[in-house]
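The values are calculated or read from the model by the stated rules, or taken from the named source; none is laboratory data. Since the model is a prediction, treat every value here as computed from it, not as a measurement. Methodologically, a virtual Cβ is constructed for each residue, glycine included, from the backbone with ideal geometry; neighbour enumeration extends over all protein chains shown. These accessible areas exclude ligands, DNA and RNA; they are computed on the full protein's heavy atoms, side chains included. Shrake-Rupley method; radii C 1.70, N 1.55, O 1.52, S 1.80 Å.
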Amino acid sequence: MLGYALRRVLTAIPIVLLTITVCFFILRLAPGGPFDGERALPPDQLRNIRAYYHLDEPLVMQFFRYVAGVAQGNFGPSMVMKDFTVARLIGIGLPFTLMLGFTAFIVGTVAGLVAGAIAAVNQNRWPDYLLVFVVLIPIIIPNFLMANVVQLVFGVYLHWLPVGGYTPGAWLNLVLPVLILAMPHGARVARLTRGSMIEVLGTNYIRTARSKGLGARLILARHAIKPALIPVVSYLGPGLSYLLTGSLVVEQVFALPGIGKYFITAALNRDYGVVLGTTILYVFIILALNLIVDVVYAWLDPKVRFR
Amino acid sequence: MAGITGKDATLTAYADALAAAPKGRSLTQDALRRLSRNKAALVSIFVLAALVLFALAGPYFLPWTYDKIDWSAIRKPPDWVKGHYFGTDQNGRDMLARTLQGTQMSLLVATVATVVSVVIGIIYGAIAGYFGGKIDAVMMRFVDIMYALPYILFVIILVVIFGRSPVLLFVGIGCLEWLTMARIVRGQTLSIKQREFVEAARAGGAGPFAIIFRHVVPNLTGPVVIYATLTVPEIILTESFLSYLGLGVQEPQTSLGTLISFGAPVAEALPWMLFTPAAFLVVMLVCLSYIGDGLRDALDPKDR
């Protein structure tokens, strides 16, 4: 298994390289640049600035310079936010985004699993019908709309929770963002859990367990849960990238100091270093999490062999 | 006119009998019949059709256009006398006209991106599945890699390139959306290419591309239709998401996402500015979701 993990890590390297290459050239070939302001800079100054950031070199040279830098852990300077390196900007935003994302991930996954299991056990009775209906809402209604509605209801009309913003320690400010981020994720997990649990509960070995007199609870805990989790776990990888997408919106709507905000402004301002740095980081995180998911998957499903 | 021998009458009777005789049901008829039994999907189809028609034709019947400013009605709630049925925004523009224009834009980009993604997905998947072996392995490995990448980041990078033209932007988004389609088509192609009619075509001397496009692809209609109906709402969501972040459609053109993002900050004082476009968006998404589910059930070969 260690060999498998190692091989996966090695295959991740070309993926990251490919991403860097594609993003680098797409960004550079796009019209515009980081120094297009409202007022054009004098040509001399522009030339000096471009020389300072090596933008006057051939594109291929710049590319190799960038990759060499990244290999040494140097993501370069931000070209728009003066005095900030990309690494420093990421260092400011990333911990918050990760904290928000993982909280929502755990809340959504746990809630989804529990709700899905309850619905499956009570198939075709009211808890099941209720869940099947409720689960549709966050899947159909886009998260930015949901975010605005809960802001309006819980923040503006009821005054129960803060509308937005965040300072360290103000955990009440995180309730709504985590809720919005966790809901669609939890809904999908619940749907999958319900479906696979119903399937598992109909299998022969569960009938055998029941016929030899095991209690319903013991059957669930000992025999049904593990196989029922297989499709759910395989969803968790893509689920994480949905969460990532969601966090861009949630950070924007609730004015949270995460990395999503930097990414969007950087893309609009052609802040090449920040866009590339953030993308590489996200790809890296997603690849790492997918690896973990695959290992968990193999533990759950004895039919999976590491190749 | 009836002839002397009455042959016309005989012939007509015969034709009638032919028409009335029990016929074998085709796959499409079968699917349509089952779809028409699904109440939710049927209602959704009618609601969606009405909405599309309204979005396309409605602007011609409204007293205001989407970019016309009514200086006497700025930030006003719904007013039936002046013809502002859903109120006006901060610039005195009619919300209903703007919402209809936004709905048009959402539908347009969704159609464009869906067509692009379906075409790429079919071609890619069918080629990978038909040729198999090393070609298949390399092509599908590439899809796996793309799957792992954060889709939305690429979309935002695309916005940087195509920012000024919404339609081009969604051609670009279509170019990112085809992954699942390619996987489904490949899987289907793998089983279809084992069938006798493909062998017959090969024996008849058809080349690989003729077989793929004449014999394999027409058999993929079911999954393609289902996938397309599921892609449309996804693109509408992506579009409104981008517009909400300020990355999508630019003024004075508008889209549902743009309208929602302008309505949200003022929703406490001017609720109609948020809820008009929001209602259109939600109704559209709900309908599309039910239609997609209905089609999936109707075309499912398992419960025939």
Inter-label distance for A:LEU2 and A:TYR297, nm, one decimal - labels placed 7 Å from Cα along Cα-to-Cβ: 2.4 nm
The stretch A:93-257 - percent relative contact order, Cα under 8 Å, separation 6 or more: 35 percent
Listed residues B:SER36, B:ILE69, B:PRO208: farthest to the positive end of the dipole of chain B (Cβ charges): B:PRO208
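Hey, with R₀ at 35 Å, roughly what FRET efficiency would A:VAL156 and A:TYR52 work out to, going by the Cβ-Cβ distance, to 0.05? Present the calculation step by step, with values, prior to reporting the outcome.
Numbers: r = 47 Å, r/R0 = 1.35.
Rounded to the nearest 0.05, the efficiency is 0.15.
So if each residue of separation counts as 0.36 nm, and I subtract the Cα-Cα distance between A:GLN72 and A:TRP171, what length gain in nm does that give?
Working: separation 99, 0.36 × 99 = 35.64 nm, distance 3.66 nm.
Using 0.36 nm per residue and subtracting the Cα-Cα distance, I get 32.0 nm.
So, with a 1.4 angstrom probe, what is the percent of accessible area on the protein assembly as shown that is carbon and sulfur?
Details: 21050 of 31150 Å².
Ligands and nucleic acids excluded, carbon and sulfur reach 68 percent.
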Exposure of B:MET146 as accessible area (Å², to 10), given a probe of 1.4 Å and all protein chains: 50 Å²
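Just to check, using Stokes-Einstein with a Kirkwood Rh over alpha carbon pairs, what's the diffusion coefficient of the stretch A:1-79 at 4 °C and 1.567 mPa s in µm²/s? Before the final figure, lay out the partial values.
Numbers: Rh = 15.0 Å.
After rounding, the answer is 86 µm²/s.
How big a patch of accessible area, both sides summed and in Å² to the nearest 100, lies buried between A and B at a 1.4 Å probe? The partial results should precede the final answer.
Values: alone 17660 and 16680 Å², together 31150 Å².
The buried area between A and B, both sides summed, comes to about 3200 Å².
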Between helix B:179-192 and chain B: long-axis angle, C-alpha atoms, 0 to 90°, nearest 10: 10 degrees
Placed amide H near A:LEU55: partners under 5 Å, 5+ positions off or other chain: none
Highest average packing first - A:140-147, A:105-112, A:88-95, A:156-163, Cβ atoms within 10 Å: A:140-147, A:105-112, A:88-95, A:156-163
At R0 = 22 Å, FRET efficiency that the Cβ-Cβ distance of A:ILE92 and A:ILE26 yields, to 0.05: 0.25
Leading residue at positive end of dipole, the protein assembly as shown (Cβ point charges), from A:LEU145, A:GLY101, A:LEU214: A:LEU214
Label-point separation in nm, A:LEU10 to A:ILE139, each point 7 Å along Cα→Cβ: 4.1 nm
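Would you mind classifying chain B by shape? Square roots of the alpha carbon gyration tensor eigenvalues, ordered a ≥ b ≥ c; an a/c under 1.5 is rounded, otherwise it is prolate if a/b is larger than b/c and oblate if not.
On the way: a/c = 2.82, a/b = 1.35, b/c = 2.09.
Taking the square roots of the gyration eigenvalues as a ≥ b ≥ c, chain B is oblate.
Give the shape of chain A as rounded, prolate or oblate, defined through the alpha-carbon gyration tensor: a ≥ b ≥ c are the square roots of its eigenvalues, a/c under 1.5 means rounded, and otherwise the shape is prolate if a/b is larger than b/c and oblate if not.
Values: a/c = 3.31, a/b = 1.70, b/c = 1.95.
Oblate is the answer for chain A, as a/c is 1.5 or above yet b/c matches or exceeds a/b.
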Amide H contacts under 5 Å for A:THR85, placed H, 5+ residues apart: A:SER78
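How large is the convex hull of the Cα atoms of the stretch A:93-257 per residue, expressed in Å³ as a whole number?
On the way: hull volume 20.6 nm³, N = 165.
That works out to 125 Å³ per residue.
How large is the accessible surface per residue of chain A, computed with a 1.4 Å probe and reported in Å² as a whole number?
Working: 16090 Å² over 307 residues.
Spelled out: the 1.4 Å probe surface of chain A, per residue, equals 52 Å².
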Estimated [θ] at 222 nm from DSSP helical runs (n ≥ 4, -39500 (n - 2.57)) normalised by residues in chain A, nearest 500: -24000 deg cm²/dmol
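Please compute the length gained on full extension between A:THR103 and A:ASN124, using 0.36 nm multiplied by the number of residues separating them and subtracting their Cα-Cα distance.
Length gained, A:THR103 through A:ASN124: 4.4 nm.
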At least 40 Å² of accessible area lost relative to the chain alone, listed for the stretch B:267-282 with a 1.4 Å probe: B:GLU268, B:VAL282
Over chain B, relative contact order from alpha-carbon pairs under 8 Å, at least 6 apart, %: 24 percent
Estimated distance in nm for a label pair at B:PHE54 and B:ARG37, the labels positioned 7 Å out from Cα along Cα-to-Cβ: 3.1 nm
GNM flexibility winner over chain B from B:ALA182, B:ALA15, B:ALA128 (Cα, springs under 10 Å): B:ALA15
Max mean-square fluctuation residue, GNM over chain B, Cα-Cα springs under 10 Å, options B:GLY207, B:GLY129, B:GLY292: B:GLY207
For the stretch B:262-267, 3J(HN,Hα) per residue [Karplus equation, 6.51 cos²θ - 1.76 cosθ + 1.60, θ = phi - 60°, Hz, x = Gly/Pro]: 7, x, 4, x, 10, 4
B:ILE69/B:VAL283 FRET efficiency (R0 22 Å; Cβ-Cβ; nearest 0.05): 0.20
Distance histogram for the protein assembly as shown (every C-alpha pair counted, 20 angstrom bins, percent rounded to whole numbers): 16, 47, 30, 6, 1, 0
